[in-house]
Every structure is written in C-alpha cells, then in structure tokens.
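These notes concern the structure reproduced below.
Please treat every number below as a calculation from the coordinates, not as lab data. None of the values given here were measured: they were computed from a predicted structure. As a convention, Cβ positions derive from the backbone with ideal geometry for all residues, glycine included, and neighbour counts pool all protein chains shown.
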Amino acid sequence: MSHYLWIKNGLVIDPINKREAIGDLFVKEGLICKSLTKQEQAKATVFDAQGLVVAPGLVDIHVHFREPGQTHKEDIASGSRAGAAGGYTTVVCMPNTNPVCDNAGTLERINNSIEKDAVINVHTTGCLTLGMKGEHLAPTGQLKQAGIVAVTDDGICVQNNEIMRRAVEYATLFNLPIMDHCQDASLTEGAVMHEGEVSVKLGLRGWPRAAEDIIVARNIILSELTGARIHMQHVSSYHSVELLRNAKAKGIPVTGEASPHHIEFNDASIGDYNTLYKMNPPLRTDKDREALIEGLKDGTLDCIATDHAPHSPTEKDCEFEKAPFGIIGLENALASILGTLYHTQRFTLSEVIALMTYKGAAICDLDAGTLSEGAAADICIFDPNQKWKVDPEAFKSKSKNCPWIGRTLKGQVKATFVGGKEVFRLR
Ligand SMILES: [Zn+2]
C-alpha cells in the first residue's frame, strides 16, 4: 500500500478548524498533510470523493464490545469492524465485561486483544468500584497507568452517595473523567419501559424520569463540591437536560451525551412488545426527544454516543419483561442522526459532525476527531443523501439487536480510514 493518500474533490468538513469547502485532502505516512509533491502525488492512492463529505473519523465514547466473557455477542475484532462500517475510527469501551475491568490484569488482557484485533482506535475505561458493586473503590491509579481514559460503572449506577463522592475525588486525583449511568435503583425495580400512558396501556412496569433526574442532580452537586468532571451517559429525560443546562450556566464541570435511539424513537415505538426497543434508560416521549435535540443545539449536551450494546438473538427473542436491555447502533448511527438532525434542517452538517467527533473526544481527552495538519489520518467519507435499507445480513457486528433493521435511512458511509489505512469500503 502506498504511503500517500489523495482524497479528491470531496466536501471537506472539519468543524474544529471551521473548514468546510470542496477540495482535496492529503495524507502522508498516516498523517494529514497540507499537500503532496508531484512525485508523491504520482505514487499516491487516489480516492475520488466527488459528491461525498470528507469528515474526521467519528468518535463514540460509549460502546460495549463484550470481550472478555461474552464474545458470542461481540468481540474487539467484530465490534471494531462494525465501528469502521459506521464511519467510526475511535471508540471507548465500557468495563462491564466478564470479568469486569476493575484491575490491571484484566485490562492487560483487553489491551492485548485490542493490539491484535482492533481495526480502529479502541480505548478502555476502568470500573469506578470493585466488581461494579458500588462498595469499594477500584485501583484507579493502576488502571490509569495501564491506559484507561475514564472511570465508570456503566450499567450499574453507584447508589451510595458517600462512595460516589470518594470515587469521583479519587478519579480526579488522576485527572480522569467519571462517566455515570444515572439510575436510582430504588425507583426502577422491575421497570422495563418509560412510565407513562404507553406503559399503562401495555401493562408494563414503568420507569420514571425521576430515576435519572435524581442521580443527575446528585452528580451535579458532587461535581460542584469536588471539582470532578462528571459525564452523564445516555441522557433521556427532559428534566435532566434542564438540570445540566443550569449546572453548566454556573460553570460546574459536568457534561452529557445523547444516543441516536433516544433522539429518534419514543416509548410508543415499542409497538407490540418489540424487544428491539428495550433499552436502559428507556425510550421516552416526544417532549424528551425535543429536549435532547434542544440540548444538543445549545451545547447543554456535548456529544452523541451510541451505547452499542450487542445481545444474541436468543436473549432478545422472548417476553418483553425478560429481554435484556440494550441495542446495537454503530453501523447506522450517522444515518440516524443525519435523519433526525440534518435532513430536518435543524443542524448543519458541520454541527452534526462536531457532535460525533471532537466534542466526545474532548470529554475523554482523546487526540481524535480532527483533520488538522499533522493529526492521524482518521477519516470518514459519506454520502449525506444516499438512501439505504438497514439489512442485518450486512452487519459486521456479531449481533443483530438493532431497531433500525428494515428501515430506509438517508446518509451512507462509503469509506473509513484509520491512520491513512482503509479499514472499510462500501462495495
Ligand atoms: Zn448505561
């Protein structure tokens, strides 16, 4: 393969540098460069991007790749290929593997798999508490030395406020952000969907917004008290958006993410007890969807993250109450977001790309999400207007628990490059 790459005639959009113009993008030895000499151009691999958008590779700070422990659902090889197919070049994995990532030994094992199998940049997180039990702090210092970029007990929210206070203080000593799955467990026992008219109609146990809001409020208070950078994962409630907006106005260092499914679907999408619409937190109402969109627009919410959570068909093919929470989304996230935010004329392409690249990267201090000169040539090339039908047979993911299956979306990834190397090309 050539050491030079010449991407021609695309609409190059690099939000952090406020670049948006038809032109060429050059890569030399894995890095973005200003130009290539005539001799280098002659040797370069050429990609014709006429009619396509050339953007920084997408960044997702919230994915589950299930390795070790549940590699029948996903592993680092398949998860990273799914990411590449969705235009992602950098992801951050959650530590709720089996065993959970609460010690340097397990992290080393994961790092070895990443080294061996990942086709995109895969970063790790460490547990906030040992065994994700919410009782004793994990060895954050050791985990940081071994390379984690954040601490989180994603999936199981720490309920004890004193433990949470010490955990966020401890993480802050190592300059790590804390990512929290905001859920008051006492309010969600047995709950499987949003508490409202639809849950009453379906006869399913409801999950009130308050379960999220109370923990978001707790985290804001702890962030103000300790100075810790606390990030709220998959915000789903309009009230949580309001809490974050007020906290940010006061300069409290909290951040938040929204997921494509919470922006696109509502609780009625569950239809006839379809388990592909069962996730944690649950799909809520149009009022909440609107608040998420407003929050992304005014900067209350910082970025979009998929919470890509693979499950096997046998697990999801059961009664609604019994099915596990979670869906996959890496391979169609860009198209979903283009549909809800860009094709509705509410966001520009540059705004959408910012939410899916450097803004998430900044939360975890990742050097990613830009086409700056000298940056790694991590690139996503897509057609914002191409329609395609989501086909599970084409998934690179090992799992198919995806509510977009069968839907026609507008916006298709054509190619993905990591460090100048092609890791995905639509054929
Ligand atoms: Zn979560």
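Couple of notes before you dig in:
- Of all the residues in region 303-358, those that are under 17 Å from G411 (Cα atoms) and not hydroxyl-bearing (S, T, Y) number 23.
- Take the conditions (1) within 30 Å of P253 (Cβ to Cβ); (2) surrounded by 18 or more Cβ atoms within 10 Å (Cβ to Cβ); (3) in contact (Cβ under 8 Å) with a residue 60 or more places away in the chain; E351 misses just one of them, which is (2).
- Flag for A217 being over 18 Å from D286 (Cβ atoms), assigned to a helix (DSSP H, G or I) and more than 22 Å from the chain's Cα centre (by Cα): yes
- When region 239-251 is filtered for residues that are farther than 22 Å from M356 by Cβ and surrounded by fewer than 20 Cβ atoms within 10 Å (Cβ to Cβ), the ones remaining, listed by number, are H239, E242, N246, A249, K250, G251.
- Cross-chain or 6+ apart pairs with Cβ under 6 Å, region 262-284 first and basic (K, R), then surrounded by fewer than 23 Cβ atoms within 10 Å (Cβ to Cβ): K278/A323; K278/F325
- Subset of region 56-78 [over 20 Å from K396 (Cβ atoms) and among the small types (G, A, S)]: G69
- Hits in region 220-234 - residues which are buried (at least 21 other Cβ atoms within 10 Å of the Cβ), outside any helix (DSSP H, G or I) and of a type in the set (G, A, S): A228
- The lone exception for V151 - which of (1) surrounded by fewer than 24 Cβ atoms within 10 Å (Cβ to Cβ); (2) within 16 Å of the ligand (Cβ to nearest atom) it fails: (1)
- Close contacts from region 232-251, counting a first residue that is within 17 Å of G360 (Cβ to Cβ) and a second that is assigned to a helix (DSSP H, G or I) and away from the ligand (no atom under 16 Å from the Cβ), with Cβ to Cβ under 8 Å and a gap of 6+ residues or different chains, come to M232/L244; V235/V241; V235/L244; V235/G295; L244/I220; L244/G295.
- Filtering region 266-291 to residues that are small (G, A, S) and under 10 Å from H194 (Cα atoms) leaves only A268.
- Restricting region 265-282 to residues that are farther than 16 Å from H311 by Cβ and among the hydrophobic types (A, V, I, L, M, F, W, C), the residue that is surrounded by the fewest Cβ atoms within 10 Å (Cβ to Cβ): A268
- Entry remark, region 175-199: residues being among the hydroxyl-bearing types (S, T, Y) and either within 16 Å of the ligand (Cβ to nearest atom) or in contact (Cβ under 8 Å) with a residue 60 or more places away in the chain (or both) number 2 in total.
- Restricting region 154-174 to residues that are closer than 21 Å to G141 by Cα and free of Cβ contacts under 8 Å to residues at least 40 places away in the same chain, the residue that is farthest from the chain's Cα centre (by Cα) is E162.
- If you go through region 291-311 and keep only what is away from the ligand (no atom under 16 Å from the Cβ) and buried (at least 24 other Cβ atoms within 10 Å of the Cβ), you end up with A291, L296, T300, D302.
- The set of residues in region 288-330 that are of a type in the set (A, V, I, L, M, F, W, C) and part of a helix (DSSP H, G or I) comprises A291, L292, I293, L296.
- In the condition set (1) in a strand (DSSP E or B); (2) without any contact (Cβ under 8 Å) to a residue 12 or more places away in the chain, E393 is compliant with all but (1).
- Considering residues of region 129-148 that are within 16 Å of the ligand (Cβ to nearest atom) and of a type outside the set (A, V, I, L, M, F, W, C) only, the residue surrounded by the fewest Cβ atoms within 10 Å (Cβ to Cβ): G134
- Lone unmet requirement of (1) within 20 Å of E135 (Cβ to Cβ); (2) out of contact with any Pro (no Cβ under 8 Å at 6 or more places or on another chain); (3) within 16 Å of the ligand (Cβ to nearest atom) for V168: (3)
- Total residues in region 95-127, condition within 16 Å of the ligand (Cβ to nearest atom) and touching a Ser or Thr at 6+ places or on another chain (Cβ under 6 Å): 2
- K389 falls short of the stated requirement of being surrounded by 19 or more Cβ atoms within 10 Å (Cβ to Cβ), charged (D, E, K, R) and over 17 Å from A84 (Cβ atoms).
- Taking the criterion of being assigned to a loop (DSSP other than H, G, I, E, B) and more than 22 Å from G30 (Cα to Cα), the residues of region 112-141 that qualify are T125, C127, L128, K133, G134, E135, H136, A138, P139.
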